[in-house]
Structures are given as C-alpha cells and as structure tokens.
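Single-structure report; data block below.
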Amino acid sequence: LVFEFIWSLLFVILNFSIMIDIITFGSATWDIFLKPNGPETIKDEKKFITGKGICFNLGSKIDVDEIHFSSGGAGTNTATTFVKQGFKTAYCGRVGGDFAGKEIISELKKLGIKTNFTYRTSEKPTNTSVVLSGADEDRTIFVYRGASEVFEKKDIPWNKLKAKWFYIGPLSGKLCDIFEEIVDFAKKNNIKVAVNPGNSQLSYPPEKLKSILQKVAILLLNHEEASFLTKIPYSNESEIFKKIDQMCPGITIMTKGPAGVVASDGKYIYSADVLKVKVVDRTGAGDSFGAGFLSELIKTNGDIESAMQFGVANSAGCLSKWGAKNGLLEKNTSYERVNVKKEECGENNL
C-alpha cells in the first residue's frame, strides 16, 4: 500500500512538472450520428433559411440505417490531433458526471491527453449532439449545450497552466465571458495563442475584440465567420481577407470548405485547394485543419506552405470517417500534398 501511494504521488508530481506543449480550450461533446431511412427533402426558401428542410411523418417510427457514437467538441478534437502528432497535450474543460463524461475522460487518457484540467460536474449533463445525415452529404445537428456552458473563471487552475501554446476553440456560456482573460494570461506568461473563435467570441464589442486579436499568433476562421467578423458581404472575399489581415498581426487563415483555404502572414498570401476524398461525415473538419496546421507549423519552425498541406491532409482524413477523431492522421504517416500558391500581398491576390 505504501509503495502504491508513493508511485501515485510521483505520477501526479511528474504529470504537473512536465512542460506541456499545447493546452486546448473548448467544448467536449458526446456525438450521436443517425442516418435515417429516406427523409423527405423540402425546398421552400420562405420557410427555411438555407432554402431546404427535411420532413418526417409526425407520430411515426423512423427506421435508422446507420448509427455511430463518438466524442467530439473543439477542445477534445484538436487535442487529439496534437497528441497524435507527438505533442504533450492537455485539455482544459468540463464534462458531466454522466456516462458520456466518463467515456470522454477515459478516451482522453487512452490517447495520452492529460486530464489534469478536465473536470466533471453534476450541475449539467455532458454536451450532446445528435447529427442527422441526409442526402448529398447534408446534415442537421441538434445541439445540447451542457457541462461546458458552466465552466468558468474560478474553475481554471491558472497557476498550473504552463504551456508553449494555447489553442482556443469556439467558447460559449460562462467560459466565453473570460475569453479575453485567457488570451491576456497567455500573453503575460509568454504562451503563444491560436484561436478559432465561434460567434459568441466574434460578437464581443469591436474595440475589445480588436485588442484581443492583436495578441493572437494564429487566427482561424471559416468564410461565414470571416464575413460576420468584418461585416463585409460573403461574396466580397478579397476585401474580407484584407480587413482580417489588418485586424490580426499574426497568421490569419480563412477556410472555404470545398473551395479550399487561404492564409496570410502579412507579407504573402497562400492559397490551396482541398484533397478530393469520399466524404463520409463533415464533423470536426475545421478542427482537424486548424490543429493540423499548427502541428506542422511548430514542427517546421514556421513553414506555412507545409502547415497548409498537412492541415488539408488531416482534414481530408477526418472527412473520410464517421466522427471528428477516427480519420485523423498519425505521426509520420505519409499523405498526399496539395499544391500551395504563394503570392505577395496585393490588390488582386484573391
């Protein structure tokens, strides 16, 4: 018993004393994927924002052709890529005291992701998503925002957050309220920050958001988020990216789904297409690109072209499997490289 106690104590001490490469912030979710048998697609631009909807017979039992279960959420998705690429990684967040929360923590430990900063609560169940897959790779997601929503400032062990990088995914609930404090803490402690903000973070007052982005090393946005941030119409891509570049002095990235990805370091514009793969599920594609980009950027000491190539390949792997983690690339895995176009920043790059 004495030996077991000493060994457990040593394990805890070592776990806290080893410098962590990357700490991720964001949600941890339990994802349920359903592929119903023959939902009817309805097209009606007046009733549906996207112009399309799905319909089932009310009161009926609907057969499901496929069902899959997987953990997800930006915090754990990105942590998985980092640990698979050989980085000492920790996830800072909260899950429920339920079965899903237990499974997520167990999975993180098996992957080698440190859970010193991962907490369980009985206040709310674990975040849960039900993903309905339809025809033509479309999907509809029902989201329950649970335990992650009640993770707040007092729950974070600030004095133990020692790392080289913070990767901050979309935040909501109480944690979103301290987005600025997390970035300021990183700046004060010489920790570099990569941010993939959600709409709650992008809805910060303009001057406060501008101050935050000035301290960020990497800013990742999709096309819709970039338009929302800049208040420039979605179709005016060139002006959107030019304004984002002005807002963040670090590396700025705009993903465009099947249309590819664009990045800038203030001197050059880098653009690349995506790899053609059979898409099984789009969940986690953005997380896999962002974490893949940062992983390769660190490994190559700032080679943006290589970082884009690996980010695209990691995202393609994710798209080819159900769930946000099953297709992620392992360290030293060979992969197809896309061509990256590099041009000096100017008026007609995009």
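A few points about this structure:
- Residues of region 243-255 include at least one that is under 23 Å from Glu224 (Cα atoms), open to solvent by 30 Å² or more (accessible area, probe 1.4 Å), free of Cβ contacts under 8 Å to residues at least 12 places away in the same chain and among the polar types (S, T, N, Q).
- Yes/no for Ser71 being modelled with pLDDT of 80 or more, open to solvent by less than 70 Å² (accessible area, probe 1.4 Å) and part of a strand (DSSP E or B): yes
- Restricting region 320-344 to residues that are under 26 Å from Phe241 (Cβ atoms) and either part of a strand (DSSP E or B) or among the basic types (Lys, Arg) (or both), the residue that is modelled with the lowest pLDDT: Glu344
- Here Ala316 clears all of (1) open to solvent by less than 20 Å² (accessible area, probe 1.4 Å); (2) hydrophobic (A, V, I, L, M, F, W, C); (3) in contact with a helix residue (DSSP H, G or I) (Cβ under 8 Å, 6 or more places away or on another chain) except the condition numbered (3).
- Matching residues, region 122-168, being open to solvent by less than 40 Å² (accessible area, probe 1.4 Å), in contact (Cβ under 8 Å) with a residue 60 or more places away in the chain, more than 21 Å from Ile32 (Cα to Cα) and assigned to a loop (DSSP other than H, G, I, E, B): Ile156, Leu161
- The single condition among (1) closer than 30 Å to Ile156 by Cβ; (2) more than 17 Å from the chain's Cα centre (by Cα); (3) open to solvent by 10 Å² or more (accessible area, probe 1.4 Å) that Phe87 does not meet is (2).
- On the stretch given as region 102-114, residues that are in contact with a strand residue (DSSP E or B) (Cβ under 7 Å, 6 or more places away or on another chain) and without any contact (Cβ under 8 Å) to a residue 60 or more places away in the chain total 4.
- Considering region 256-291, and only residues there that are assigned to a strand (DSSP E or B) and over 24 Å from Thr76 (Cα atoms), the residue that is most open to solvent (accessible area, probe 1.4 Å) turns out to be Tyr268.
The values are calculated or read from the model by the stated rules, or taken from the named source; none is laboratory data. Computed from a predicted model, the values in this text were never measured in an experiment. FYI the Cβ positions are ideal-geometry reconstructions off the backbone, even for glycines, and counts take in every protein chain you see. The accessibility values were calculated without ligands, DNA or RNA, using every heavy atom of the protein model including side chains. Shrake-Rupley method; radii C 1.70, N 1.55, O 1.52, S 1.80 Å.
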